[in-house]
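FYI, it's all coordinate maths here, none of it is from the lab. Please read these numbers as outputs of a predicted model, since none were measured by experiment. Quick reminder, even Gly has a Cβ in these numbers, built from the backbone with ideal geometry, and neighbours come from all protein chains shown.
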Amino acid sequence: MKSNQISLTFSSIAENVGIARLLIASVGGQLDLSLNDIEELKVAVSEAVSNAIIHGYQNVPNNIVYLDLDISTDGILTIVVKDEGCGISNVEQAMQPAYSTDPERMGLGFVFMQSFMDELQVESELEVGTTVTMKKHFKQIPISSH
């Protein structure tokens with residue numbers, strides 16, 4: 001089974017959230033997704049990347065955020081956002097609606113990711129980092145012969 005893989009590594013600064021959104025919008029456009037689905041992908045990716053920057057790295061700019069996309073021919077888009085930041089002490093608690101360690105934030109990032117994606121998995125280890133894996137199903141891509 002063939003897949004298309006795209007990896008992007010970037011500095012942990014807020015400006016790069018927009019680049020991650022552009023990349024996922026471009027990929028979504030190629031997958032024949034609806035505009036609504038593409039909007040939802042953009043929100044899910046920007047929430048995951050923002051979490052890495054704001055919570056994982058506490059807004060310290062000289063760190064790296066990893067974004068990996070896997071577009072499989074069997075109709076699954078897998079998005080992995082990874083940081084090597086402080087980690088989440090209680091993933092279950094962090095995924096609750098309106099929970100945030102930052103009083104300025106709504107605490108809905110994981111809620112959006114969960115409702116906009118078909119699958120969401122969060123793995124985190126303190127002082128090692130967090131990996132967010134999201135999957136979105138789409139219509140299969142016909143395998144071209146060229």
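Annotations
- Computed from point charges on the beta carbon alone (+1 for Lys and Arg, -1 for Asp and Glu), the dipole magnitude for the chain about its Cα centre is near 360 Debye.
- Rounded to the nearest 0.05, the FRET efficiency derived from the C-beta distance between residue 89 and residue 140 at R0 = 30 Å is 0.15.
- Label point distance in nm, residue 39-residue 70, each placed 7 Å from Cα along Cα→Cβ: 3.0 nm
- Taking the chain and dividing mean pair separation by its residue count, relative contact order in percent (alpha carbons under 8 Å, at least six apart): 27 percent
- Computed over the chain with a Gaussian network model linking Cα atoms closer than 10 Å, the most mobile of 27, 132, 49 is 27.
- Gap separating the Cα centres of the stretch 42-57 and the stretch 68-108, nearest whole Å: 7 Å
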